[in-house]
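To start, the structure under review is shown below, and the notes come after it.
The values are calculated or read from the model by the stated rules, or taken from the named source; none is laboratory data. Just so you know, these numbers come straight off a predicted model, no measurement behind them. No Cβ is skipped: glycine too gets one built from the backbone with ideal geometry, and neighbour counts run over all protein chains shown. For the accessible areas, the whole protein counts, side chains as well, though only heavy atoms, and no ligand, DNA or RNA atoms are used. Shrake-Rupley method; radii C 1.70, N 1.55, O 1.52, S 1.80 Å.
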Number of protein chains: 2
Amino acid sequence: MRYAVLGTGVVGRALGGKLVELGHEVTLGSRTKDNPSALQWAREAGAGAQSGTFEDAASSAEVVVVAVGGRVALSALEAAGAGNLDGKVVVDVSNPLGFEDGQVRLDPVGSDSMGEQIQRAYPHARVVKTLNTVNCDVMVAPSLVPGEHQIFVCGEDAGAKEQVTGMLGEFGWPAHRVLDLGGIASSRSVEMFLPLWVDLMRTLGKTHFNLQFHTGD
Amino acid sequence: MRYAVLGTGVVGRALGGKLVELGHEVTLGSRTKDNPSALQWAREAGAGAQSGTFEDAASSAEVVVVAVGGRVALSALEAAGAGNLDGKVVVDVSNPLGFEDGQVRLDPVGSDSMGEQIQRAYPHARVVKTLNTVNCDVMVAPSLVPGEHQIFVCGEDAGAKEQVTGMLGEFGWPAHRVLDLGGIASSRSVEMFLPLWVDLMRTLGKTHFNLQFHTGD
């Protein structure tokens, strides 16, 4: 499969690296062609790894992964070009996080979400929100955390969610640990989990953790 | 211990009933003296159960439990009377939830929370936020859900959190499953978990569930 991974930070490099390792062709996209982090990644990640602009990455891809910070996700997709997203699966792992006064702030929050904003801005893209609830190491190596912990998908397109569930399976998330929360509006819920994630990171003193839901009768 | 439980809905009755069963004296408080639901509860809950106004309940109590809906929590506490809260442990289990267009909405959300609003309004109360992340049956009978699932406490007063952790222990939550998230500002995080709780209720088709965090290295 040909993937575009938009974003050259730790999240983009972790996802891009794992996808290359799995045998996919990956273009790590950034705002400029000569992003040093992207160029270095492309040299070191192995066969199948390339770098380029957001547009280069998206135009050649079958699946586009949004791995920039949530607050710049829309501008990255605008640079990628609407025509390069039409009909494609767009995997949104972003969180619209900022820090103010030592506190995490989400924007949007409550009555809207990044997942919905992306789907509204690109109605012909098949947006799936996933993986934003775990650290990027855990995204691509869930076995770093022992136990039957879970990951969420949400989106409007059942076929796209199935395809993303397959990608998650390649990463090491068995299908029975992928919880389908429903439509893209559930992006609100999984994005609003982030402040709790940050508090837990402080409480537990680590970033490699994840949740499991237990059910009774 | 003498408890005031403010609120006569399913949450208040569940908490009040369990506290009575544990041998505590409980006054279930409501806006009026003749609330039928409170009167019936007091008749049926057993020795130690009384009903009264919010003020009646709070004035005689050592611990005040806020079990009304989050959106009316401040007005219930105002009716209880600031002087009846001074120096007392105030256990806030409320969620400021409403439904709009079939979606859960929180208000406040993001940059404030009910837990903080209560602590700010009553600076001499020792507010502890807890239990708002589970269904009321699970609050008082965590064994309804198998597994090592967890519950949160947050608040400014370490002694108050310790006392509430003791109450949780009486309910069936062992201390190692009580996660202290820190100060009362973490009320934001646990309140923002609610939309995910509602999505999960729809996905899982049940209300008796809870989360466990697994940690790696």
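For this structure, a couple of remarks:
- Test for A:Thr165: is it without any contact (Cβ under 8 Å) to a residue 24 or more places away in the chain and either facing chain B (nearest Cβ under 8 Å) or open to solvent by 10 Å² or more (accessible area, probe 1.4 Å) (or both): yes
- Single residue of region A:170-188 satisfying the filter (part of a loop (DSSP other than H, G, I, E, B) and open to solvent by 20 Å² or more (accessible area, probe 1.4 Å)) that is farthest from the other protein chains (Cβ to nearest Cβ): A:Pro174
- Within the set A:Leu200, A:Leu211, the sole residue that is closer than 15 Å to B:His214 by Cα, assigned to a strand (DSSP E or B) and open to solvent by less than 10 Å² (accessible area, probe 1.4 Å) turns out to be A:Leu211.
- Against the numbered list (1) surrounded by 21 or more Cβ atoms within 10 Å (Cβ to Cβ); (2) under 17 Å from A:Met167 (Cβ atoms), A:Met1 comes up short only at (1).
- Within region A:24-37, residues that are over 15 Å from A:Ala73 (Cα atoms) and at pLDDT 95 or above reach partners that are in a strand (DSSP E or B) and open to solvent by 70 Å² or more (accessible area, probe 1.4 Å) with beta carbons closer than 6 Å, at six or more positions or on different chains, in the pairs A:Glu25/A:Arg2; A:Thr27/A:Gln50.
- Any hit, region A:170-179, residues being closer than 20 Å to A:Gly9 by Cβ, at pLDDT below 95 and either of a type in the set (A, V, I, L, M) or under 18 Å from the mean Cα position of the chain (by Cα) (or both): no
- Of the residues making up region B:126-141, those that are surrounded by 23 or more Cβ atoms within 10 Å (Cβ to Cβ) and in contact with a strand residue (DSSP E or B) (Cβ under 9 Å, 6 or more places away or on another chain) are B:Arg126, B:Val127, B:Val128, B:Lys129, B:Thr130, B:Leu131, B:Asn132, B:Thr133, B:Val134, B:Val138, B:Met139.
- Residue that is least open to solvent (accessible area, probe 1.4 Å), among those in region B:150-162 that are among the charged types (D, E, K, R) and in a helix (DSSP H, G or I): B:Lys161
- Condition broken by A:Ala121, with the remaining ones in (1) more than 14 Å from every other protein chain (Cβ to nearest Cβ); (2) crowded, with 19+ Cβ neighbours inside 10 Å satisfied: (2)
- Criterion: open to solvent by less than 40 Å² (accessible area, probe 1.4 Å) and within 12 Å of chain A (Cβ to nearest Cβ) - qualifying residue of B:Asp107, B:Asp112: B:Asp112
- Number of positions in region B:17-72 that are open to solvent by 70 Å² or more (accessible area, probe 1.4 Å) and of a type in the set (Gly, Ala, Ser): 1
- Every pair of residues 6+ apart whose Cβ atoms lie under 6 Å, when the first sits in region B:106-123 and is under 21 Å from A:Gly102 (Cα atoms) while the second is part of a helix (DSSP H, G or I) and open to solvent by 20 Å² or more (accessible area, probe 1.4 Å): B:Ser113/B:Arg188
- Residue check for A:Gly147: open to solvent by 10 Å² or more (accessible area, probe 1.4 Å) and either within 23 Å of A:Gln212 (Cβ to Cβ) or modelled with pLDDT of 95 or more (or both): yes
- Filtering region A:75-97 to residues that are open to solvent by less than 10 Å² (accessible area, probe 1.4 Å) and among the small types (Gly, Ala, Ser) leaves A:Ala76, A:Ala80, A:Ser94.
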